[in-house]
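**Q** Can you keep this structure in mind? I'll have questions shortly.
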Amino acid sequence: MAVFWKAKAGGLLLTWSLTLLGWGAEGQGNGRGKKEVSGGATVYLGQNRDIWRPLIHTTVNLTEISSIRSSFQLRTYDPEGTVFYGDTKNGNDWFILSLKDGIPLLQISREDILVSVTGGPKLNDGKWHTLEVSNRGNFVILEVDGSNGLVVSLASKQLKEVISGELRLALGGILINRDKMIVQFVSQMDGCVRDGNWLNISIPWEAEVEELWPCYQNIKPGSFFPGTGFAIFNASVFPIEKDHGVKIELLGDLSQINGTILSIRAPGQELLFALVANNNTKEVTVAFSSDKSVIGEIFKRLVIIFRTDKVEVFSDEQEYPSFQIPIKPESQPAYLTTWREGHIAIGGLLGEGEDNICSQFLTGCLEKILVQEKDLDLDLAVKHMSISSHSCPA
């Protein structure tokens, strides 16, 4: 799933940001147009912005620092993303703490040394974990819940202790070109940081947004759609296999969500497929071209299989389809063309035109989205950043 629809994506995301999000204000101004927040504030790292830009950041004179030690708590179900960044010499020496496959990943650049180390426990279990990052001589140490997670030795005759200048810290993003990293990863982190204690001094942080989004008190695994955006993939990423077709499986309490779950359309063509939930009637409407069917029972699992000659829909654990729609070449000539050239939207109804602007956005939680029995990672789509890819409020 490495190739995705990108045409006009930047314009779409900009349009969404301007028209669908409204921000208030939190924190204090600092005279530079930035909002100041406490270093101990609770911060949702996945908030809407450029995905590599830090959400909050601060700068400290090295002469004011007596201890290179910072601690904070992290909670996430997301297996990948940027957590914590720091640098000196205006970005010439830097470190990045991120998650990769749920495991801490440290990348460090200092003088002539470039190091990448991964290890420690998996942290994407939805629980709060206490992390501490410290620098002790030639060692950078990451502790997780009071135990050593990673210890990195930086020994070189070229290393010189930096005792003047500035140290920059950032959460949720980096302040260098990402091409400098040894290990590339998806930056946006659907996770929360709280109770930060940075360098044992009290320093204000600058926020890159006008208002910090709250973190939910309790979360559960899933993808949460707040009703303001959608995620879109190229349909060609999921080619119809001759013997098995394309199997899309949706899990969650479908009686509690509202709006378009799934839609498929090719540019210049009529809408091919739409799956729409109504939490007032507790029904799900399945539309394929001009055919419509309604599933009225309350259920928590829906499977749609797109085959070359028919579409099958299963609810809950049914062995046989609730209904099936035959594909007739004379009445649906664009069916296979749509799978080659069209787009699949999760959480919105695809509209006409090249931009495929959506409507009827989904509100609610999908606990799992599977394609060909594999989890679909919405972070790999072009998506509105109001969508939480890996967690829902519980």
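The values are calculated or read from the model by the stated rules, or taken from the named source; none is laboratory data. Computed from a predicted model, the values in this text were never measured in an experiment. Note that we place each Cβ from the backbone using ideal geometry, even for glycine, and neighbour counts take in every protein chain shown. Ligands, DNA and RNA are excluded from the accessible area calculation, which covers all protein heavy atoms including side chains. Shrake-Rupley method; radii C 1.70, N 1.55, O 1.52, S 1.80 Å.
**Q** When 1/r is averaged over all different Cα pairs and the result inverted, which Kirkwood radius in Å belongs to region 37-91?
**A** Answer for region 37-91: a Kirkwood hydrodynamic radius of 13.7 Å.
**Q** Choose one of SER293, THR281, THR118: the residue whose Cα lies farthest towards the positive end of the charge dipole of the chain (beta-carbon charges +1 Lys, Arg; -1 Asp, Glu; about the Cα centre).
**A** The residue sitting farthest along the positive end of the dipole is THR118.
**Q** Which sequence of ILE51, ILE387, ILE176 reflects their accessible areas, 1.4 Å probe, from the largest down?
**A** Descending order: ILE51, ILE176, ILE387.
**Q** Quick one: if the Förster radius is 45 Å, what FRET efficiency do LEU251 and LEU114 give, using the C-beta to C-beta distance and rounding to 0.05?
**A** Approximately 0.60, to the nearest 0.05.
**Q** Okay, next question. Ignoring ligands, DNA and RNA, what accessible area per residue does the chain give at 1.4 Å, in Å²?
**A** Normalised by residue count, the accessible surface of the chain is 46 Å².
**Q** Also: Run through region 158-236 and list the trypsin sites (Lys or Arg not before Pro) located in a DSSP loop whose Cβ has at most 14 other Cβ atoms within 10 Å.
**A** Filter output for region 158-236: LYS160.
**Q** Kindly report, to the nearest 10 Å², the accessible surface of TYR77 as traced by a 1.4 Å probe over protein heavy atoms only.
**A** 50
**Q** OK, next. Can you give the accessible area of THR228 in Å² (nearest 10), computed on protein heavy atoms with a 1.4 Å probe?
**A** 40
**Q** What distance in nm separates the two pseudo spin-label positions at GLU283 and LYS300, each 7 Å out from Cα along the beta-carbon direction?
**A** Here the modelled spin labels are 2.4 nm apart.
**Q** A further question on this structure: In region 134-240, what GluC sites (Glu not before Pro) fall in a loop by DSSP, with at most 10 other Cβ atoms inside 10 Å?
**A** When the GluC sites (Glu not before Pro) of region 134-240 are filtered for loop state and at most 10 Cβ neighbours within 10 Å, GLU161 remain.
**Q** Restricting things to alpha carbons, find the Rg to Rh ratio for region 109-257 using the Kirkwood radius for Rh.
**A** 1.04
**Q** Right, here's the next one. Only Lys, Arg, Asp and Glu count, each charged at its Cβ (+1, +1, -1, -1), so figure out the dipole size of region 57-186 about its Cα centre, rounded to 20 debye.
**A** In total the dipole reaches around 80 debye.
**Q** Would you work out the relative contact order for the chain, in percent, from Cα pairs under 8 angstrom that are 6 or more residues apart? Let's see the in-between values first.
**A** Values: 983 pairs, mean separation 86.5, N = 394.
Computed over the chain, the figure is 22 percent.
**Q** How much of the calculated P(r) for region 32-130 lies past 24 Å, in percent of all Cα pairs?
**A** Every Cα pair in region 32-130 considered, those over 24 Å come to 29 percent.
**Q** If I compute solvent accessible area with a 1.4 Å probe over the protein chains, what percent of it on the chain is carbon and sulfur? If you can, show how the numbers build up before the last one.
**A** Working: 8650 of 18000 Å².
So the carbon and sulfur contribution to the accessible surface is 48 percent.
**Q** Using protein chains only and a probe of 1.4 angstrom, how many square angstrom of SER315 are accessible, to the nearest 10?
**A** Near enough 10 Å² of accessible area.
**Q** Something else now. Note the full-extension length gain between GLU166 and ASP145 as 0.36 nm times their separation in residues minus their Cα-Cα distance, in nm to one decimal.
**A** Details: separation 21, 0.36 × 21 = 7.56 nm, distance 2.91 nm.
4.6 nm is the gain from fully extending GLU166 to ASP145.
**Q** Another question about this same structure. Send over the per residue convex hull volume for region 158-244, Cα only, as a whole number of Å³.
**A** Taking only Cα atoms, region 158-244 has a hull volume of 257 Å³ per residue.
**Q** For region 71-131, state which trypsin sites (Lys or Arg not before Pro) are in a DSSP loop and have at most 16 other beta carbons lying within 10 Å of their beta carbon.
**A** On the way: sites: ARG75, LYS89, LYS100, ARG110, LYS122, LYS127; in loops: LYS122, LYS127.
Here the trypsin sites (Lys or Arg not before Pro) that fit, given the DSSP loop and packing criteria, are LYS122, LYS127.
**Q** Can you give the calculated 222 nm mean residue ellipticity of the chain, where each DSSP H run of n ≥ 4 adds -39,500 (n - 2.57) and the sum is split over every residue, rounded to the nearest 500 deg cm²/dmol?
**A** So the calculated ellipticity at 222 nm is -1500 deg cm²/dmol.
**Q** Size of the dipole of the chain about the Cα centre, Lys and Arg at +1 and Asp and Glu at -1 on the beta carbon, nothing else charged, in debye to 20?
**A** Roughly 560 debye, rounded to the nearest 20.
**Q** A follow-up question, please. Considering the chain as a Gaussian network with a 10 Å cut-off on Cα pairs, which listed residue, PRO267, PRO104, PRO214, attains the greatest mean-square fluctuation?
**A** PRO214
**Q** Using only the Cα atoms of the chain, each taken as one equal point scatterer with no solvent, compute I(q) by the Debye sum, divide by I(0), and report log10 of the ratio at q = 0.06, 0.12, 0.13 Å⁻¹.
**A** With one equal scatterer per Cα and no solvent, log10 I(q)/I(0) is -0.28, -0.94, -1.05.
**Q** Only four residue types carry charge here, +1 at the Cβ of Lys and Arg and -1 at the Cβ of Asp and Glu. Report the dipole size of region 190-341 about the Cα centre in Debye, rounded to the nearest 20.
**A** 360
**Q** Mind giving me the FRET efficiency for GLN372 and ILE65? R0 is 41 Å, r the Cβ-Cβ distance, nearest 0.05 is fine.
**A** Working: r = 51 Å, r/R0 = 1.25.
Efficiency, from the Cβ-Cβ distance: 0.20.
**Q** Quick check: the angle from helix 9-20's long axis to the longest principal axis of the chain, C-alpha only, nearest 10 degrees?
**A** 90
**Q** Rank LEU150, LEU349, LEU171 by mean-square fluctuation in a GNM of the chain with C-alpha springs under 10 angstrom and give only the top-ranked residue.
**A** In this elastic network of the chain, the residue with the biggest mean-square fluctuation among LEU150, LEU349, LEU171 is LEU150.
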